[in-house]
Amino acid sequence: MTEISQQQLDEIYAFAVQLGKDAGQMLMDAARRRMQGNGATTSVDYVEKENSVDLVTKTDNDVEAFIHNAVSKKYPDHKFIGEETYSAGASRDYLVDAAPTWIVDPLDGTVNFTHLFPMFCVSIAFAIDGVPVIGVINAPFLHQTFSSCRGKGAWLNETQRLPLIQNPVPALPANAPSGCTFACEWGKDRRDTPEGNMVRKIDSFMNMAAERKGRGGKGGMVHGVRSLGSATMDLAYTAMGSIDIWWEGGCWEWDVAAGIAILEEAGGLITTANPPADFETADIPPVKLGSRLYLAIRPAGDTPDETARQSQGRVVREVWKRVQELSYSRPGA
């Protein structure tokens with residue numbers, strides 16, 4: 001076990017929050033240059049990585065370099081894993097170990113950023129023993145900074161405790177997923193084959209959305225389906241309580257590490273997207289950071305009949321009944 005005192009953790013948290021603000025300002029400055037540009041800066045240049053929806057811009061690289069340099073100067077003994085430096089390498093191995101580690105996505109929602117759709121953010125997490133204990137997400141276009149430190153709660157703009165509705169926190173619907181908002185993403189795997197992840201996702205989306213008697217009895221009839229274009233923002237809004245259920249596959253650890261820290265500190269539950277073979281009776285496994293498979297449930301209140309955690313587990317199993325198994329691999333995870 002890595003030993004870091006609470007005082008040290010508090011100092012790292014304060015540093016991470018300021019770092020998120022500074023990096024968010026860089027994102028917003030880049031966006032404003034396009035909005036106010038004189039012809040040369042109104043478009044954004046990007047490079048395709050794996051395909052035409054997997055993009056990287058100069059802003060991604062500039063913001064990651066800024067964060068990496070700041071962390072290296074302040075905490076030279078800490079490890080650093082960033083999306084762009086990782087993507088530039090040849091390995092796809094899982095790199096998070098027991099060492100104190102910063103896990104950073106300098107710009108989650110790059111496609112959104114290129115289209116000036118406001119759902120983009122910087123995501124900064126700090127992990128100990130492979131577990132995210134600090135999370136900072138700054139969505140500068142929306143003037144929203146989400147943050148958490150283990151044992152200190154989760155916050156919006158450092159003043160509003162998460163979830164947004166408190167005293168009491170709303171219970172989950174008794175007939176969930178009906179009555180819930182459901183967030184999902186199309187993802188970067190766009191193979192149009194019957195066994196491809198995109199087709200499996202679409203079938204699952206339809207199950208969750210369809211009327212209760214539809215889809216062979218799998219209809220979930222959720223209140224609404226949301227696709228924000230950013231896994232990080234999906235998790236932040238689940239911690240906020242605005243999204244009830246988030247189901248996704250294909251994310252990397254920098255997409256989710258900060259969101260996991262914030263969601264769990266807010267009282268949410270996160271586990272695997274793929275239902276176990278005996279999902280109706282099996283224990284709900286803890287999330288694996290590098291698994292690329294995630295199912296998150298918002299913070300919930302107790303009722304006379306159920307604790308919050310019991311209701312979250314119930315909703316997990318109701319989702320598992322309706323979704324297909326996704327196929328995403330990760331060496332070493």
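The values are calculated or read from the model by the stated rules, or taken from the named source; none is laboratory data. Model, not experiment: these values are computed from the prediction. Using ideal geometry, Cβ is built from the backbone for each residue, glycine included, and neighbour counts are taken over all protein chains shown.
Figures for the structure shown
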quantity	calculated
Selection count, segment 292-324, where residues are touching a strand residue (DSSP E or B) at 6+ places or on another chain (Cβ under 9 Å) and outside any helix (DSSP H, G or I)	10
Residue check, Lys74 under 22 Å from Asp97 (Cα atoms), of a type in the set (D, E, K, R), modelled with pLDDT of 55 or more and in the same structural domain as Thr145 (by TED's automatic domain parsing)	yes
Filter pass, Pro163 being over 27 Å from Lys188 (Cβ atoms) and buried (at least 23 other Cβ atoms within 10 Å of the Cβ)	yes
Per-region count, segment 190-212, residues in contact (Cβ under 8 Å) with a residue 12 or more places away in the chain and within 17 Å of Glu248 (Cβ to Cβ)	11
Of the criteria (1) assigned to a loop (DSSP other than H, G, I, E, B); (2) surrounded by 23 or more Cβ atoms within 10 Å (Cβ to Cβ), which one Gly187 fails	(2)
Output for segment 289-312, where each listed residue is buried (at least 17 other Cβ atoms within 10 Å of the Cβ) and farther than 12 Å from Ile245 by Cα	Leu289, Gly290, Ser291, Arg292, Leu293, Gly301, Glu306, Ala308, Ser311
Residue check, Gln324 crowded, with 21+ Cβ neighbours inside 10 Å and either over 13 Å from the mean Cα position of the chain (by Cα) or within 17 Å of Thr181 (Cα to Cα) (or both)	no
Residue pairs meeting the criteria (Cβ under 8 Å; at least 6 apart or on separate chains; first in contact (Cβ under 8 Å) with a residue 60 or more places away in the chain, in segment 9-22; second surrounded by 18 or more Cβ atoms within 10 Å (Cβ to Cβ) and hydroxyl-bearing (Ser, Thr, Tyr))	Tyr13/Ser147; Ala16/Ser147; Val17/Thr145; Val17/Ser147; Gly20/Thr145; Gly20/Ser147; Lys21/Thr145
Residue count, segment 257-303 (criterion: more than 22 Å from Val122 (Cα to Cα) and either assigned by TED's automatic domain parsing to the domain that holds Asp129 or of a type outside the set (A, V, I, L, M, F, W, C) (or both))	16
Cross-chain or 6+ apart pairs with Cβ under 6 Å, segment 228-256 first and closer than 19 Å to Pro173 by Cβ, then assigned to a strand (DSSP E or B) and polar (S, T, N, Q)	Ile243/Thr181; Asp244/Thr181
Residue match in segment 304-312 (condition: basic (Lys, Arg) and either more than 30 Å from Thr193 (Cα to Cα) or not assigned by TED's automatic domain parsing to the domain that holds Arg215 (or both))	yes
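Yes or no, residue by residue, for (1) assigned to a helix (DSSP H, G or I); (2) buried (at least 24 other Cβ atoms within 10 Å of the Cβ); (3) touching a Ser or Thr at 6+ places or on another chain (Cβ under 9 Å):
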| site | (1), (2), (3) |
| --- | --- |
| Ser242 | no, no, yes |
| Ala258 | yes, yes, yes |
| Glu265 | yes, yes, yes |
| Ala273 | no, yes, yes |
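Table: residues versus (1) over 19 Å from the mean Cα position of the chain (by Cα); (2) in contact (Cβ under 8 Å) with a residue 60 or more places away in the chain.
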residue: Pro132; (1), (2): no, yes
residue: His143; (1), (2): no, no
residue: Asn157; (1), (2): no, no
residue: Pro168; (1), (2): yes, yes
residue: Ala174; (1), (2): yes, no
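Table: residues versus (1) in a loop (DSSP other than H, G, I, E, B); (2) in the same structural domain as Gly135 (by TED's automatic domain parsing); (3) not aromatic (Phe, Trp, Tyr).
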| position | (1), (2), (3) |
| --- | --- |
| Asn175 | yes, no, yes |
| Ile202 | no, no, yes |
| Lys213 | yes, no, yes |
| Gly216 | no, no, yes |
| Trp254 | no, no, no |
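Okay, residues lined up against (1) in contact with a strand residue (DSSP E or B) (Cβ under 7 Å, 6 or more places away or on another chain); (2) crowded, with 16+ Cβ neighbours inside 10 Å:
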| position | (1), (2) |
| --- | --- |
| Lys74 | no, no |
| Ile81 | yes, yes |
| Leu95 | yes, yes |
| Ile103 | yes, yes |
| Pro106 | yes, yes |
| Leu116 | no, no |
| Gly130 | no, yes |
| Thr145 | yes, yes |
| Ser148 | yes, yes |
